[in-house]
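The structure appears right after this line, and notes come after that.
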Amino acid sequence: MFKKAVKEHPGGTSKPQALQSNLLRANSANSSKLPPTQPTGVKRKIEMTNSGQSALGSLHSGVYFDENDFDDDLDFDDFDEPLPFVAPTTTSTTVKPEPVPYPKINDLPTKPSESVSVQDMPQSDIKYPELPPNSQEYAAPPSSIPLPWSSSPPSHFQPPSKPRTLPWLQGVKEEETEDRKSLATPKRSKPADFWNKSASAIKEEQKELRRESKKSQKSDTASKSGSIPPKVPTVFLSEEQRAVLDAVVDKGKSLFFTGSAGTGKSVLMREIIKSLRVKYRREPDRVAVTASTGLAACNIEGVTLHSFAGIGLGKEAVPELVKKIKRNQKARNRWLRTKVLVVDEVSMVDGDLFDKLEEIARRIRNNGRPFGGIQLVVTGDFFQLPPVPEGANRETRFAFSAAAWNTTIQHTILLTHVFRQRDPDFAAMLNEMRLGKISPRTTEAFRKLSRKLEFHDDLEATELFPTRAEVEKSNSLRMERLSGELMPFNAIDSGTVTDPQFREKLLSNCMAPPLIHLKKGAQVMLIKNMEDSLVNGSIGRVVAFMDEGTFDYYRENEDEFGSGAGKIDPDDDAAMRAKKKLKPMAHNEGGIAITRKWPLVRFALPDGTERHLLCQPETWKIELPNGEVQAQRSQVPLILAWALSIHKAQGQTLQRVKVDLGRVFEKGQAYVALSRATTQAGLQVLRFDPRKVMVHPKVVDFYNQLVSINQINKPKDPGDDDDFEGDSALDFL
Ligand SMILES: Nc1ncnc2c1ncn2[C@@H]1O[C@H](COP(=O)(O)OP(=O)(O)OP(=O)(O)O)[C@@H](O)[C@H]1O
Ligand SMILES: [Mg+2]
């Protein structure tokens, strides 16, 4: 009967019901089609009026936005099929057979970076710090507390009655063969209290935690009146991460922190942003959160650097751009109010843009200090994706080549502990790749990874492609192979930008699509951090479509159902009770009872266990420093995950990855793709060729100049008041 109950809720027998019908896109006509390719957008300027502004925004006059601000990602994702690969000559480092030496961080040169021409580049003696040993300190220690006695009544010691099976565990399996069943994930160990939740239940818990945290902050502030409340990080930062956080938040340093893929730059940046928001909690617009591309900006709930600056495409000379900003009251105010400018994924920021922004800051703020006295917090890895090329013949100019880089960035700090790959051999292989110096041994090891991946569950490796067209083709093909009903999920967009075209343009870089079609059996990726084990990048499979009430009922009665798929006869009475109980839960809208169905996803966790999550809508915001939400999207936090673009995969951690290097054509692309994997066992590499691993020699040179964090933390000079003023790039070297 429970099989029957789930069959009654497997997908949308009726059309999905509107949450806010006036904001929804027309979709019913599309319900049986796959999503179309996203429009690339038209390059044109739009003049915004004040209608629909936030309270703060309404104080100001008209604003000029340029939708081209957000073109970067589209350009990035829409590469045409590249020309056949030609082995690089002067622009990549020589591949040498010997392994790369990895010196201690303190052996590194201590001068700031200087621009070096490609021809002048040293080709072989690049030295990098040793990879730290694989740390076990983050693994949860086993419980050592014995259970001395039991207060359970005698009935609890009776053998348990036959559990019934959770309906969604049967659904997908019903369509599978006996063979398939034998490949099912080994029976998971049941984590503490919860293992499956609805997104709203998780939100409630998070709210509660925030309330608790606020309470403790308040009491602390009361006790130390006037002092800054302590930072309460939700993750346990390593010593080097903590040192960077302190240098930014407590010492107010302008710095660039970098490190190879998986060294926790994004985790650290999120903690820094949180702490800065606490520090400037009375004046939130003092902290500007930006990133090089719309996608990266959306991931940290910020805006693009272009959008923050109010410079449109920023092609004009600085005097023109300054005039443009001065005409735009909001943009001018942003420049005047900002005390800390956060820039994420800086490897994709153009050097000319960096110089222009620095000069603009000085002029608008009428302040001769670097960046007009704004504290800069910059992160990224220049060995990853470079700036989007502007013209066919224009040489890539990295942000570190900007004249203003050395005057602005007081410290460049290398994070050395790789968290993503626990296997030091694999981390070392990836590091060789990062540096473009691949030994024959590493080449051999990568070539061995061309074998087919076999897993004991129904999740496949996510295939990474350089272009979006390849991604859409691959995902569409897999969806067509599934037999279930196609369920459309429309985003609900809102925000102070009311022009629908421009709003769409702003949101086009958001991870969440405006419309996603799902089927039972679809492989999906979670695109929001929900809690410790369910994070952005978790991969799962849609097992049912269910309303919250039904899901909650099953969850609350989990003990009755057990978890062994296929073992137990479903119970008719229980299903009837479930139905009766659910009826009053359905709420009324316009006299029609609605119970909106959401995808129920079974996620595979890195520890081999599973979690079920009812994926209800989450929000993504494009938010200006003054708190004005220019655009916001509410959508189920899922994207299809049989295939993903390398651009979208940047920043992700994936357990199972498949990459065909024959298709890769850009510097840094191969490294970004392969470094998403956590283990060699979860990585398949086709057509590995060391010549495909291209590294820009200027990047290699730049990384030869790094400074250790220890130098920042050395005792203060008597004259140093830790103010930004007076600090220079050489003060601590
Ligand atoms: N302090 C920490 N403790 C435990 N795990 C961490 C810590 N910092 C980062 N991680 C984990 O390491 C992985 C990689 O982190 P993160 O994505 O921040 O790296 P990154 O340097 O930004 O990588 P990329 O350059 O690929 O974007 C994530 O799974 C993250 O949860
Ligand atoms: Mg990152």
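The values are calculated or read from the model by the stated rules, or taken from the named source; none is laboratory data. All of these numbers come straight from a predicted model, not from anything done at the bench. When we count neighbours, we look across all protein chains shown, and the Cβ atoms used for this are built from the backbone with ideal geometry, even at glycine. Side chains are part of the model used for accessible areas, which takes the heavy atoms of the whole protein and leaves out ligands, DNA and RNA. Shrake-Rupley method; radii C 1.70, N 1.55, O 1.52, S 1.80 Å.
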Check: Can Ala403 be described as at pLDDT 95 or above and away from ligand 1 (no atom under 16 Å from the Cβ)?
Finding: yes
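Matching residues to (1) assigned to a loop (DSSP other than H, G, I, E, B); (2) at pLDDT below 95; (3) acidic (Asp, Glu):
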position: Lys437; (1), (2), (3): yes, yes, no
position: Arg447; (1), (2), (3): no, no, no
position: Ser450; (1), (2), (3): yes, no, no
position: Leu453; (1), (2), (3): yes, yes, no
position: His456; (1), (2), (3): yes, yes, no
position: Leu459; (1), (2), (3): yes, yes, no
position: Glu463; (1), (2), (3): no, no, yes
position: Leu477; (1), (2), (3): no, no, no
Check: Condition test on Gln635, is it within 16 Å of ligand 1 (Cβ to nearest atom) and touching a Ser or Thr at 6+ places or on another chain (Cβ under 9 Å)?
Finding: no
Margin query: Here's a check for you: in the range 636-648, which residue that is within 15 Å of Ile539 (Cβ to Cβ) and modelled with pLDDT of 90 or more is nearest to ligand 2 (Cβ to nearest atom)?
Written below: Leu644
Item checked: Residue ID - farthest from Leu415 (Cα to Cα), chosen from residues in the range 252-277 that are of a type in the set (A, V, I, L, M) and more than 16 Å from ligand 2 (Cβ to nearest atom) -> Leu276
Item checked: Test: Ile413 is on the phi < 0 side of the Ramachandran plot and more than 16 Å from ligand 1 (Cβ to nearest atom) -> no
Notebook entry, point to check: What tally of residues in the range 367-397 results from selecting those that are under 21 Å from Gly314 (Cβ atoms), away from ligand 1 (no atom under 16 Å from the Cβ) and either open to solvent by 50 Å² or more (accessible area, probe 1.4 Å) or outside any loop (DSSP other than H, G, I, E, B) (or both)?
Noted result: 11
Next item on the list: State all residues of the range 517-541 that are open to solvent by less than 10 Å² (accessible area, probe 1.4 Å) and under 26 Å from Lys621 (Cα atoms); if no residue qualifies, say none.
Entry: His517, Leu518, Gln523, Val524, Met525, Leu526, Ile527, Met530, Leu534, Gly537, Gly540
Checklist line | Matching residues in the range 479-489 - criterion: being more than 13 Å from Ile516 (Cβ to Cβ) and buried (at least 18 other Cβ atoms within 10 Å of the Cβ) | finding: Gly484
Check: Hey, among Ala331, Ala296, Ala291, which residue is in contact (Cβ under 8 Å) with a residue 60 or more places away in the chain and within 13 Å of ligand 2 (Cβ to nearest atom)?
Finding: Ala296
Note to self: Here are the criteria: (1) part of a helix (DSSP H, G or I); (2) among the polar types (S, T, N, Q); (3) over 20 Å from Val695 (Cβ atoms). Tell me which single one Ser347 does not satisfy.
What the structure shows: (3)
Notebook entry, point to check: Going through the range 398-428 one residue at a time, which ones are among the hydrophobic types (A, V, I, L, M, F, W, C) and touching a residue at least 60 places away in the same chain (Cβ under 8 Å)?
Noted result: Phe398, Phe400, Trp405, Ile409, Ile413, Leu414, Leu415, Val418, Phe419, Phe426, Ala427, Ala428
